[in-house]
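Written out below as structure tokens is the structure these notes cover.
The values are calculated or read from the model by the stated rules, or taken from the named source; none is laboratory data. Small disclaimer: the values here were computed from a predicted structure and weren't measured. Here the Cβ is made from the backbone with ideal geometry for all residues, glycine too, and neighbour counts use every protein chain on show. Note: areas computed on protein heavy atoms with side chains; ligands, DNA, RNA excluded. Shrake-Rupley method; radii C 1.70, N 1.55, O 1.52, S 1.80 Å.
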Amino acid sequence: MAKWADVLQSLEVVSVPSTEPITTAEAKAFLRIDHTTQDDLIDDLITAARTRIEADAGLSLVTTTWDLTFDAFPEDRAIVLPRLPLASVTSITSYDEDDTAATMSSSDYLVETAQGRIALDDDAAWPTDLRTHSAGVVRFVAGYGAASAVPQPLRLALYQLVAYAFEQPVPLVGVDAVDQAYGAHLAAYRGGQRIA
């Protein structure tokens, strides 16, 4: 076992959000567009903006199911999940040296949604008979829920990214007014934690 921060991990989307945090119509109203010829482009920009915000802040804006795969269970008694807000943990699966899967009992751990982590019960232990790679998978659900539940500063950051990409189709780099405003909207949410 190793320190959780030192364990090789990968994160994969299992089920994409069923909706985006803003609609095509809302984005078009923000952009002051009243035709439909660029709707597909605007939809792509909304998805790209959401993906960037999620990566920059360590969040899932709307409900998304993820698989976190790792090479070893931690020596710590907790697994910290990389996307917040945490809604639930579907399963924790381990793979032994024969590649046989075993699912941990949910009674062996506590899901701490506010902290975004899974903590072992006092009398439980992580699996130890493991293969050397991709030994564990945590399937979990993260997100604020419906699009209407996404905090307004994050929605504003999304609008800004969509508008910037639509009006100036070059990467957002450097420090300018748009970049500063985007950063300000995300500042309180970076790392998935809302700072009061």
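Farthest towards the positive end of the charge dipole of the chain, among the residues P127, H185, Y144, is the Cα of H185, using unit charges on the Cβ of Lys, Arg, Asp and Glu. Here the relative contact order of the range 52-160, from alpha carbon pairs under 8 Å that lie six or more residues apart, stands at 42 percent. Applying 1/(1 + (r/R0)^6) with R0 = 30 Å to the Cβ-Cβ distance of E167 and Q115 gives a FRET efficiency near 0.15.
Against the chain, whose longest principal axis comes from its Cα atoms, helix 152-167 is set at around 60 degrees.
Contact order normalised by length for the chain, with contacts defined as Cα pairs under 8 Å and 6 or more residues apart; what percent is it? 28 percent. Of the solvent-accessible surface of the range 1-79, computed with a 1.4 Å probe over protein heavy atoms with every protein chain present, carbon and sulfur atoms account for 51 percent. Between I33, I46, I118, the residue with the greatest mean-square fluctuation in the GNM of the chain (Cα pairs under 10 Å linked by springs) is I33.
In this structure K3 has an accessible area near 110 Å², from a 1.4 Å probe over the protein heavy atoms. In this structure, K3 and A149 have a Cβ-Cβ separation that, at R0 = 45 Å, corresponds to a calculated FRET efficiency of about 0.85.
GNM remark for the chain: springs join alpha carbons under 10 Å apart, and the peak mean-square fluctuation among D123, D76, D39 falls on D123.
With all protein chains present and a 1.4 Å probe, how do Y164, Y182, Y95 order by accessible area, largest first?
Working: Y164 25, Y182 5, Y95 60 Å².
The most accessible residue leads, giving Y95, Y164, Y182.
Taking GluC sites (Glu not before Pro) as exposed when their DSSP state is a loop state and no more than 16 other Cβ atoms lie within 10 Å, the longest site-free interval of the chain runs over 98-196. For the chain, the longest principal axis of the alpha carbon atoms and the long axis of helix 39-57 meet at an angle near 50°. Suppose R0 equals 22 Å; then what is the FRET efficiency for A29 and D67 from their Cβ-Cβ distance, rounded to the nearest 0.05? That pair, A29 with D67, gives E of 0.05.
With Cβ to Cβ distances under 14 Å as the rule, what net charge do the other residues near S105 carry (K, R +1; D, E -1)?
Working: positive: none; negative: D108, D121, D123.
Spelling it out: positives minus negatives among the neighbours equals -3.
Where in the range 59-91 does the amide nitrogen come within less than 17 Å of the point 7 Å from the Cα of D122, taken along Cα to Cβ? Flagged as within label range: 77-78.
Applying 0.36 nm per residue to the separation of A78 and D44 and subtracting their alpha-carbon distance, the gain on full extension is 8.5 nm.
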